[in-house]
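Contents: one structure, followed by commentary.
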């Protein structure tokens, strides 16, 4: 288990929140060191739109961060409500039963919460 | 004491935040099960406006969630500043000395924090 | 060590978020008592702009709160990206390596998180 475990909560779909999120993650890895921090991004509500396959600079950056060990998850309920399917999401994204449930379970396990 | 205890922080008064909040709560109860999760919504600043008696779909949903055991609280300081009184609030809402104080005390007791 | 330790996360630069933040802090001190609560404000991303020397009611209030023991920190990475230097910041502000790193370290030490 790494020293620091962090969940980021992404629940909007706008350029500002996603840009801030990705910068936050880069900075956090630089500050604490890749080996010391475990990161999960939980997307729910409109936030799941940020994890769709759609070639742009955000998706490139998400795939690069996933390669570095950042774990991206999307809320099954939001995906269903927006009318998406698993194959529309970027390769490394996993689906969780509910985004809020995931945030609650992780925090209860001792992960810390950041809302960008 | 239930396995999961969650405080939701409502500090804006706009349709998007309140709709997201109520969806979050529904999904959380579905995911974790009504018997496993204790939920409190803390409204402060402009967020207290969401808890006023005003017949609409939000207030109906708030009353239904309260019947299911979700606890709604409003910040006394915000209520005073906005010029409201207790009788203007929905029946099940309780007043706390300060919304932020409530959020701090609950988290210090081990509750986890979600800001929709 | 005080009974309650709280970090506030400031990552936007708009009048609403900064006004809400400063009110939150005032109310929290009133509610819990100055001797019982230790407060740190962590500014990152555009939030660091709120801590610049610029005579207005916000900066006056920040200096007053700092005199009362509230600790204000700004993210070094954000300061660099915006092209600022230490001397542009209000006197009592300290610089931290990264705002998100600070938020993660504090929470891991048991501080609670509020995002106004």
>> Just to be sure before I move on: is residue A:55 at pLDDT below 95 and surrounded by 17 or more Cβ atoms within 10 Å (Cβ to Cβ) in the structure I sent?
In response: no
> Does segment A:69-114 hold any residues that are closer than 30 Å to residue C:111 by Cα, away from every other protein chain (no Cβ under 14 Å) and in contact with a helix residue (DSSP H, G or I) (Cβ under 7 Å, 6 or more places away or on another chain), and which are they?
Replying inline: A:72
> Hey, residue A:101 hits all of (1) surrounded by 15 or more Cβ atoms within 10 Å (Cβ to Cβ); (2) touching a strand residue (DSSP E or B) at 6+ places or on another chain (Cβ under 8 Å); (3) over 20 Å from residue C:45 (Cβ atoms); (4) without any contact (Cβ under 8 Å) to a residue 40 or more places away in the chain but one; which does it fall short on?
Replying inline: (2)
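Answer with yes or no whether residue B:9 is within 10 Å of another protein chain (Cβ to nearest Cβ), under 13 Å from the mean Cα position of the chain (by Cα) and either part of a helix (DSSP H, G or I) or within 22 Å of residue C:114 (Cα to Cα) (or both).
Criteria met by residue B:9.
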>> Among (1) modelled with pLDDT of 95 or more; (2) over 22 Å from residue C:39 (Cβ atoms); (3) under 12 Å from the mean Cα position of the chain (by Cα), there is one condition residue B:99 misses while meeting the rest; what is its number?
In response: (2)
>> Could you tell me how many of the residues in segment C:27-45 are out of contact with any strand residue (DSSP E or B) (no Cβ under 8 Å at 6 or more places or on another chain) and surrounded by 18 or more Cβ atoms within 10 Å (Cβ to Cβ)?
In response: 1
> Does segment A:81-95 contain at least one residue that is within 30 Å of residue B:1 (Cα to Cα) and within 12 Å of the chain's Cα centre (by Cα)?
Replying inline: yes
> If we keep just the residues of segment B:19-43 that are away from chain A (no Cβ under 11 Å) and in contact with a helix residue (DSSP H, G or I) (Cβ under 6 Å, 6 or more places away or on another chain), which is farthest from residue B:86 (Cα to Cα)?
Replying inline: B:22
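The values are calculated or read from the model by the stated rules, or taken from the named source; none is laboratory data. Predicted model only: the values in this text are computed from it and were never measured. Here Cβ is always computed from backbone atoms with ideal geometry, including for glycine, and neighbour counts include all displayed protein chains.
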